[in-house]
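Structure record follows, encoded as structure tokens.
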Amino acid sequence: MVSPKNLRSVQRIISLPITRPRNASAILPGLGHRNAFTFYQFQVHLPQSRREEPSQPRWKPKGGWTHWAHEKASNTWAGFGKAPEGNWKLKVFRIGERLVDRLDYEELALKGVDPSMGPTILHLDIRGKGAEETDENKKLPLLYPPSIQSAESSLSQLRELIHTREPRHKKGFWTWMIIAPFTAPFMIIPIIPNLPFFFCVWRSWSHYRAYRASQYLAALIKHGHVISAPSLELDALYKKYTPKSLTSTSTRPAPSSHQPSSSHASSHSETENIELLLTRDAVPDIVSTFSLEESSASDMYRAIEQARIRTKTST
């Protein structure tokens, strides 16, 4: 039996449909469901043994400078959240968390792909350090709930996501890189660090990671290495947590004429919206069943809330 700790190192993609299309016209051949929102939990990374280089110089940090910088930034940011009440660090942390809530959940999901597997800044192509992993024996399972999706639709929705996000993140990377130098005047302010500059760098880095991830995933799909695989465990969770209003509806339910007016997520509002397939109540069980990192729960909550808002605004 595989331990939960080992499951976290498994290579896989988990498809979590949040909504389904409202009408037949939303289903496009080869492209999936245009207005059906799906969250993907990516577990695509280089094995630990590939990361470690026995012959690397002593002055070079373990995992490389990119990994060191990412860990340093993450630890620093976590320290801001532990600052005492009233401290400027805690205020900045809370503002930052609200900004993260506003990021597209698709961008947050793509961070689950190891950035070293995609292209580099100087070589923006589909082949990164992990390209050698895409051989004939490399198969990446795409887990999906068979009662909600088909094998074809699960893969077509993933393909559509990558096709849509790739140019957006490439543009975002260069845009924030160009803006960053214009924040230099803020460096003259004493004590408080140049937050506008760090924000620009963070947004650029986030777009860069998402772009690299989308490029690498596109290569995997193109060469047939992503294989749709039905998951009975995932299907059972959907059947357990599907809102009662959906249990007796068809696969293309009519849109509800009574939408909740509140913009805040709640279990009650989600069960009233007949288009939502996944509720916040299901998230802890999903994390536990698939032995995911605790941080993945926050991304799922954000995805569910954003999908709920998008569904309302597009009505």
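The values are calculated or read from the model by the stated rules, or taken from the named source; none is laboratory data. The structure displayed is predicted, hence computed values, not measured ones. When we count neighbours, we look across all protein chains shown, and the Cβ atoms used for this are built from the backbone with ideal geometry, even at glycine. Each accessible area value is taken on the protein alone, full model and side chains, heavy atoms only, with ligands, DNA and RNA left out. Shrake-Rupley method; radii C 1.70, N 1.55, O 1.52, S 1.80 Å.
Residues checked against (1) under 30 Å from Ile162 (Cα atoms); (2) among the aliphatic types (A, V, I, L, M); (3) touching a helix residue (DSSP H, G or I) at 6+ places or on another chain (Cβ under 8 Å); (4) not in a helix (DSSP H, G or I):
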site: Thr76; (1), (2), (3), (4): no, no, no, no
site: Phe80; (1), (2), (3), (4): no, no, yes, no
site: Gly86; (1), (2), (3), (4): no, no, no, yes
site: Val92; (1), (2), (3), (4): no, yes, yes, no
site: Ile95; (1), (2), (3), (4): yes, yes, no, no
site: Val100; (1), (2), (3), (4): yes, yes, yes, no
site: Glu107; (1), (2), (3), (4): yes, no, yes, no
Next on the checklist: For the range 59-96, give me each residue that is open to solvent by 60 Å² or more (accessible area, probe 1.4 Å), at pLDDT 80 or above and under 16 Å from Leu195 (Cα atoms).
Outcome noted: Lys91, Arg94, Ile95
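Go through the range 265-315 and tell me which helices (runs of 4 or more DSSP H), entirely inside it, have 3 or more residues that are under 19 Å from the mean Cα position of the chain (by Cα), modelled with pLDDT of 90 or more and closer than 15 Å to Phe39 by Cα.
Working: elements: 267-272, 283-289, 295-313.
In the range 265-315, the matching helices (runs of 4 or more DSSP H) lie at 283-289, 295-313.
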Checklist entry - What helices (runs of 4 or more DSSP H), lying completely within the range 153-258, carry at least 2 residues that are at positive phi and either open to solvent by 70 Å² or more (accessible area, probe 1.4 Å) or at pLDDT 85 or above (or both)? => result none
